[in-house]
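Here the structure is laid out as structure tokens; the discussion comes afterwards.
The values are calculated or read from the model by the stated rules, or taken from the named source; none is laboratory data. Note that this is a predicted model, so its numbers are computed, not measured. Here Cβ is always computed from backbone atoms with ideal geometry, including for glycine, and neighbour counts include all displayed protein chains. Please note that ligands, DNA and RNA were not included when accessible areas were found on the heavy atoms of the full protein model with its side chains. Shrake-Rupley method; radii C 1.70, N 1.55, O 1.52, S 1.80 Å.
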Amino acid sequence: MQKYFLLTFLLIFSLLPAHSKNHEKKYLIGFSQCISSDTWRQTMQAEMQNELVLYPNFELVIKDANGNSQQQIQDVEDFLKMGIDLLIISPNESKPLTPVVQSVYQKGIPVIVIDRNIDSDDYTVYIGANNYEIGLAAGQYAANLLKGNGKIVEIWGLKGSTPALSRHKGFMDVISKYPDLQVIFSETGEWEEEGGRKKMSEALDLLENIDLVFAHNDYMALGAWQMAREKNRAKDISFLGVDGLPGIDGGVQQVIDHKLNATFLYPTGGDKAIDMAWQILNDEPIEKEMILQTVVIDSSNANVIKLQTDQILTLQDKIQTFKTIINEQLIKYEGQRTILIISLGFLFIVVALSFLLFTAYRSKNIINIKLEKHRTEIQKRNHELLEVSKKLEEATQAKLRFFTNLSHEFRTPLTLILGPLESTLAKKNLNKEDRHTFERMNRNANRLLRMINQLMDMRKIDNEKMDVRIGHYDLIKFVAEIKESFDELASKRNINFSFRSNLSKVELYFDFDKLDKIFFNLLSNAFKFTSDAGNISISIDEISHQFDHQTSEAVEIEIRDNGRGMSPEHIERIFDRFYQIEQESNKLGTGIGLSLTKSFVELHKGTIDVKSQKGKGTSFFIYLRKGHEHFDSSELITETDQRHSNNNLLDELVPTKDEKQEKETQLPFEDKPSVLVVEDNADVRSYIRESLHLHYRITEVENGLDALNSIKEEEPDLIVSDIMMPVMDGLEMTRKIKTDINTCHIPVILLTAKSSEQNRIEGIEEGADSYIPKPFNSKHLEVRVKKLIEGRRNIRAFYKNNYTQIEKLDEQISPLDKKFIRKVNDLIDLNLADSNFKVEALSEELNMSRVHFYRKIKSITDMTATEYLRNYKLKRAAAILMKNEFSISEVAYQTGFTSSSYFSKCFKELYTITPQQYMNS
Ligand code: FRU
């Protein structure tokens, strides 16, 4: 790039005008002309100009003194001021001009004196013809012409100029040799034509005989001839001039025209002066005098000379034309060069800009690369940070998982503490002290359980796995029940605990369990911070309230205490997780109760507020919307679900009969229903066994797989199983049982530490009949087992009488069983008349072993397979008999009985009346 830059620059430089380069120095030459009105002088200047074509570094400035010596002095001084490098001067008069020329010369400025001279040698070169010799030649020519006898008129040039003096002298030096030659009139015409006329006129008037006129130049000679002709005396007189200029006005032509007899060539030396200037300025060797050749021109050679001079003039014209052309070309060239320079200048700018652009682009690229590197580094770092935070998150999650699992694990031992404790407390024969101890143990174990539950709820909220099961309840009744559970505590501590509402019933949609926890938390807090004999109140009102800038019908619940209250900085943060006010260790909670409470309220799309004053008390306000439009339909539960979940919580915990009574109703061992306990924890297993062994035959296994094997051996009436177990968990086991036609009728209770709704649903989806969360109360388990077995029994009893009406069993029988029975019935109907269609054929059609088929029929209908087949046929027979269209033996035949007496016997056994009686009735 720099290379192009440099090349462009050099190119422009080479095109710059020559004067800008040091090696072609310009010279300023001043030419001081005495006068320039006549052709001779103009010829001189033209010659100079022609010659200058060869010296382009010469600049020539001409000043015309107009025949005025003083003016000429001034002109020279002006030249000095201009700083000329060389002076050319043709002095008007020698004397007045000598000092100024000397001073120039003495300043070291070369001086070329041309044509007329000064009175000193203080010049560098003199150029001119020898005027004395011209005078001599003219004198000799006159003497010859006049053959040594005649009268002569001499018309001088300017008397103070050297040519005039020298020409006169030379002329007179010859004339004086001829005694018969007389100069009878000698006056100056001052080099001009008019001067010649004037002096000739005077001479003619004065003199009668004039033979020859010698004028110092052709102008004056012509003026004299004109005057003589005007006075008709020209024919008698010969005229001699000096200069011999070519051209129509020149002396040569006048000779040819017979106006002059002869003229003496006096070259101007203009071209020589320029050449000489070059030599001087280039320090070339020179001679001080450059004498130009002269020649006489008369009728003998005038034509030849004219030819030559005309040629010279033509050449000079051509030179001038060329010069003009060259000048034009130069101007053009200058113009083009200027354009080229400008273009190159532009090119240079473009190149320079391109270079700058290129450099900028390159540095931009470099910056970009750096930035990119930087970005990659940042990305890498971000990635690393992400990785670290991911790992941290994973570690946190792992810890939390561990923590949650640990919490789960706490619930099993808690079961083993709380269960026996409750059983013990239920005993009537405890002494007061033991009861007191057990009650304290019970309270604290429950407290521990609550804390664990809270921790697990917190995890669920964090993982957004906390679902709500919104049911429709009477809030007044709900709160009254909760209030009751705190009454005992209130009365013990002499706290005035009240519940006020102007409404007898408030219908509200809420999650029973969550609102229970909300109340429990807020009331526990109130009791914690209210001193004995204080006041705690609950009040409920129906109001209009703003939820997210929208007014809705709502319920306001206020829980107020006159306890210690809080200062504003605490109020602000009271719902923050882990936030604790109290520093007293006995009042220190987990710090998650209120945070959970708030989350639960928010799950209801409600709001919670607190007002408190230090030392005066605290009020919590809960606002819940009426109606259920603010809940997702998936969050709403059915009336049945509602009953189910509430019954589970409340009713079943109440034992139906006391233990003494239970013992009395015990069955002999072999008649007891069998329960298979599937649980990996030996303590829990034995706890379950202890809870159930009075009324049930217990078989114990440690995991789902063992359970499945055990079922094959002996089918239990019910299975109680844990969920989390090694080898095969409870859910898989349940699925296997419930999808096998041979076992799907066996009721399964899942018993687990996983208490979330999610697990509950999972368990039910697998077909579990019931679900009991750990820790469980032994009574709770007992009741549930009993109810399920009774339920089975009822179904069987019902079935025994309604086995053709399977639809009636809808809810209480598993879909698989229903399908099974339908298929059995269809097969019997299809083969109704076939007496060979027995149990074996039936089980074969069903792809079942005989044993399994027997067992299945028994489990559903409480009948043997043979009994079922026979009874079903009899049921069909009864229906046919009812129509009164066929005889008894025909009906027996139609229903596959080989003899009508056997048919009648069986019929009577089932219906207690004979077929005949049945028909008649
Ligand atoms: C021109 C001229 C010439 C003459 C010369 C003498 O001005 O008069 O005719 O030869 O000057 O200096």
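Quick notes
- Only Lys, Arg (+1) and Asp, Glu (-1) charged, at Cβ; region 344-473 dipole about Cα centre in debye: 120
- Of Lys428/Lys786; Lys517/Lys611; Lys774/Lys856; Lys380/Lys460; Lys517/Lys786; Lys460/Lys774, those spanning more than 27 Å from alpha-carbon to alpha-carbon: Lys774/Lys856; Lys380/Lys460; Lys517/Lys786
- Rounded to the nearest 20 debye, the dipole size of region 843-921 about its Cα centre is 200 debye, using +1 on the Cβ of Lys and Arg and -1 on the Cβ of Asp and Glu.
- Placing dummy labels 7 Å off each Cα toward the beta-carbon, the span from Val304 to Leu28 is 4.8 nm.
- For region 74-168: Kirkwood Rh in Å [reciprocal of mean 1/r, alpha carbons]: 14.9
- Which listed pairs, of Lys151/Lys231; Lys147/Lys259; Lys823/Lys905; Lys465/Lys598, have C-alpha distances above 22 Å, in listed order: Lys823/Lys905
- Within region 819-921, the GluC sites (Glu not before Pro) that combine a DSSP coil assignment with at most 12 other C-beta atoms in a 10 angstrom radius are Glu885.
- For region 813-921: Kirkwood Rh in Å [reciprocal of mean 1/r, alpha carbons]: 14.4
- Dipole magnitude of the chain about its Cα centre (Cβ charges: Lys, Arg +1; Asp, Glu -1), debye to nearest 20: 4920
- Coil-residue trypsin sites (Lys or Arg not before Pro) of region 271-335, DSSP, other Cβ within 10 Å capped at 16: Lys288
- Rounded to the nearest 0.05, the FRET efficiency derived from the C-beta distance between Asp541 and Glu393 at R0 = 60 Å is 0.85.
- Extension gain, Ser37-His258: 0.36 nm per intervening residue step, less the Cα-Cα distance, totals 77.0 nm.
- Part-to-part distance (alpha-carbon centres) for region 215-229 and region 312-385, which is given in Å: 69
- Cα→Cβ-extended label distance, 7 Å offset, between Arg573 and Ser485, nm: 3.1
- Options Asn535, Ile574, Ser770, ranked by Cα towards positive dipole end of the chain, top entry (Cβ charges): Ser770
- The share of accessible area on the chain that comes from carbon and sulfur is 53 percent, using a 1.4 angstrom probe.
- Cβ-derived FRET efficiency at R0 45 Å, Lys231 paired with Leu313, nearest 0.05: 0.85
- With both labels modelled 7 Å from their Cα along Cα-to-Cβ, the Thr321 to Asp467 distance reads 11.9 nm.
- Helix-only [θ]222 nm of the chain, DSSP H runs n ≥ 4, -39500 (n - 2.57) each, per residue, nearest 500: -18000 deg cm²/dmol
- Full extension of the segment from Ser686 to Ser634, taken as 0.36 nm per residue of separation minus the current Cα-Cα distance, would add 14.7 nm.
- Peptide packing: for 911-921, 786-796, 44-54, the average count of neighbouring Cβ atoms within 10 Å per residue gives the ranking 44-54, 786-796, 911-921, highest mean first.
- The residue among Tyr696, Asn50, Val183 whose Cα reaches farthest toward the positive pole of the charge dipole of the chain, with charges on the beta-carbon of Lys, Arg, Asp and Glu, is Tyr696.
- Here the extension length gained between Glu556 and Gln336 equals 69.2 nm, from 0.36 nm per residue of separation less the Cα-Cα distance.
- Loop trypsin sites (Lys or Arg not before Pro), region 145-231, which have at most 15 other Cβ atoms in a 10 Å radius of their Cβ (DSSP): Lys147, Lys159, Lys177, Lys231
- 1.4 Å probe accessible area per residue over the chain, in Å²: 53
- Simple rule: put +1 on each Lys or Arg Cβ and -1 on each Asp or Glu Cβ in region 93-249, find the dipole, and look at Leu165, Asn232, Leu146; the Cα lying farthest toward the positive end is Leu146.
- A Stokes-Einstein calculation at 20 °C with viscosity 1.002 mPa s, built on the Kirkwood radius of region 225-320 over Cα pairs, returns a diffusion coefficient of 140 µm²/s.
- Neighbour net charge for Ser69 - beta-carbon separation under 9 angstrom, K R +1, D E -1: 0
- R0 of 25 Å, Cβ-Cβ distance Ser889-Arg850: FRET efficiency to nearest 0.05: 0.20
- Over all pairs of different C-alpha atoms, region 21-105 has a mean inverse distance whose reciprocal, the Kirkwood radius, equals 13.4 Å.
- Within the chain, the percentage of alpha carbon pairs spaced more than 36 angstrom apart rounds to 72%.
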